[in-house]
Amino acid sequence: MEYRQFRFADVRFTVDASLFRTGTGALECTLALSPIGYQPVAEQLRNLETAYGRALAELGLGRGSAFVRRFFASDLVNQRAELEASPLVRAAGDDLCAVSLVRQPPLPEGKVAMIAYHIEGAAEQIAGEPTHLVLRRPGYTHVFLTRLCAPEVESSYDQTNAVLAEVDRQLARHGLTLENDIQRTWFYVQNVDANYLGMVRARREHFARHGLTADTHFIASTGIEGTAGDPRVKVLLDLQAIGGLKNGQVHYIEARTHLNPTHEYGVTFERGTAIDYGDRRHVFISGTASIDNRGEIVHPGDVGRQFDRVFENIGALLGNAGASLADMTHLLVYVRDPADYALVRERLDQRFGQVPRLIVAGPVCRPGWLIEAECRAIVPARHPEFAPF
C-alpha cells in the first residue's frame, strides 16, 4: 500500500490518498478530503472541488476513474441544493460515478467532507446514474446503489421493507440477487436510538426470506445514525454488489476471541467479508465498536479505552483475513459525542497517521458505544483460478 498526503492551504483542505496496484488488474485509489477550519458551505464545496482536482492531477488520475464519491454533510436539509448543484454530485458523462449523500457532520467544524474511490487500469464499461452505477470489468459486474429510501411510508420498519424490495428489483435488472451478490451495505438511520430496532427487524425478516440466516451467512454492514435531505426519511441505504464471483472467492470473517456472532444479540450482519481475486484480496470490515465476545460493551463511558478496543477488534478481524492494520485503504470513524473529537483525532494521528480517514458525528446503534470505525483493506494475493480485479 502506498500513501500520499496533500495539504492545500489556499483552499483549506487536506487530501489523504492510498494507492494499491499489482502487475495485473487495476490500480485502486481511495481519497479522503477533510476541510481545514470553518467555511460557509458553498465556499467549502467549491474548495473541495478544487482540492479534489489538484489531488487527482498529482496522482495522475482522471475524474472518469471514480467509482463512488461519498459525501458527509453537516446539515443536508439546508445544504442539499448546493450539493446537488455541484458537478461532483451531478456526476454525468465522462465523470459518471455513484454518489452517496448523508448527514453526518464532519468534525471538528466542517460543512462537507468526502471519500472517493477510484479504479483505473483495465478495460471497463460504465453505465447508470449517480444513484445507480454499474461497472463491468472482465469477469465481474460491480454495482453501487446509493440513496435508497422510502419516505412515502412512515415507520423505520416499513421503510426498510420498501427499500429492500427496491433493492431486489434493481439487482434483478442486472441478473444479481441480494443473497449471492451484495457484499457491503450502509444503513443510515434517523434517530438511531429510537428507529434502529424497526430497521433491524425488517432486515432480519427480509434476509430470512432470501435464505440468509445464522446457518448460512449475512452481509458486511454499518448501521449508524445518519439522515437524508428529506426529513421524512428514517432509513437510508447504500450498497455495493459484485456479480460473477465464483465458489470459494468470498469468505466471512470472525474473530471469536474478541467478538461474538452478531445474531446472538439479534442483528444480522457479518463482522467482515474477504473477497479473493486473481491478484489481490479485498477485506471489508463492518462498523466495529468496543464489544467483547459475549456481546457486551467494553469500557463504558471511556472513549479513549473504547478507541483501543475498537482497533484491537478490527486488527483481530483483519488478521483472520490474512491482512493487518497496515493494509487499510481508509478509515471512517464515527463518534457519538463531538466533544470527543480531539482525543480521537490525536489517537488516530499517533497510530494511523498516513491512512486516509474521516471523523464524523454519528451515534452508534447502542447508546453505550461512544465510537465505531469501519475500514477496507487490500493485500496482494495469487489466485490463478479467479480473474484479477
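The values are calculated or read from the model by the stated rules, or taken from the named source; none is laboratory data. Not measured: the values here are computed from a predicted model. Positions of Cβ are backbone-derived with ideal geometry, glycine not excepted, and every protein chain shown enters the neighbour counts.
Taken together, Ala73, Ala91 contain a single residue that is at pLDDT below 95 and out of contact with any Phe, Trp or Tyr (no Cβ under 6 Å at 6 or more places or on another chain), which is Ala91. Going by the conditions given, is Val89 within 20 Å of the chain's Cα centre (by Cα) and buried (at least 23 other Cβ atoms within 10 Å of the Cβ)? No: the conditions fail for Val89. For the range 28-64, the set of residues classified as surrounded by 18 or more Cβ atoms within 10 Å (Cβ to Cβ) and among the aromatic types (Phe, Trp, Tyr) consists of Tyr52 only. Does Gly266 satisfy the criteria of being at pLDDT below 95, more than 21 Å from Arg137 (Cα to Cα), surrounded by fewer than 21 Cβ atoms within 10 Å (Cβ to Cβ) and touching a Lys or Arg at 6+ places or on another chain (Cβ under 8 Å)? Here the answer is yes, as Gly266 does meet what is asked. Residues that are touching a residue at least 60 places away in the same chain (Cβ under 8 Å) and touching a strand residue (DSSP E or B) at 6+ places or on another chain (Cβ under 6 Å) within the range 266-287 comprise Phe269, Thr273, Ile275, Arg280, Arg281, His282, Val283, Phe284, Ile285, Ser286, Gly287, listed in sequence order. Among the residues of the range 65-78, write down those that are surrounded by 14 or more Cβ atoms within 10 Å (Cβ to Cβ) and free of Cβ contacts under 8 Å to residues at least 40 places away in the same chain. Passing the criteria: Ala73, Ser74, Asp75. Selection of the range 154-179 for residues being part of a helix (DSSP H, G or I), polar (S, T, N, Q) and free of Cβ contacts under 8 Å to residues at least 60 places away in the same chain yields Asn161, Gln170. For the range 201-218, the criterion of being under 30 Å from Pro105 (Cα atoms), within 19 Å of the chain's Cα centre (by Cα) and either modelled with pLDDT under 95 or not in a strand (DSSP E or B) (or both) is met by at least one residue. If I filter the range 276-293 down to residues being of a type outside the set (D, E, K, R) and surrounded by fewer than 21 Cβ atoms within 10 Å (Cβ to Cβ), which single residue comes out as nearest to Phe67 (Cα to Cα)? Once the filter is applied, the top-ranked residue is Gly278. Against the list (1) without any contact (Cβ under 8 Å) to a residue 24 or more places away in the chain; (2) in contact with an Asp or Glu (Cβ under 8 Å, 6 or more places away or on another chain); (3) hydrophobic (A, V, I, L, M, F, W, C), the condition Ile224 fails is (1). Per the conditions (1) out of contact with any helix residue (DSSP H, G or I) (no Cβ under 9 Å at 6 or more places or on another chain); (2) aliphatic (A, V, I, L, M); (3) within 22 Å of Leu101 (Cβ to Cβ), the sole criterion not satisfied by Ala208 is (3). Applying the criterion of being closer than 15 Å to Leu56 by Cβ and β-branched (Val, Ile, Thr) to the residues of the range 15-37, the residue that is farthest from the chain's Cα centre (by Cα) is Val15. Here is the figure for the range 124-157: residues that are modelled with pLDDT under 90 and within 23 Å of Pro388 (Cα to Cα) total 9.
For Arg382, the conditions (1) in contact with a strand residue (DSSP E or B) (Cβ under 7 Å, 6 or more places away or on another chain); (2) at pLDDT below 95 all hold with the exception of (1).
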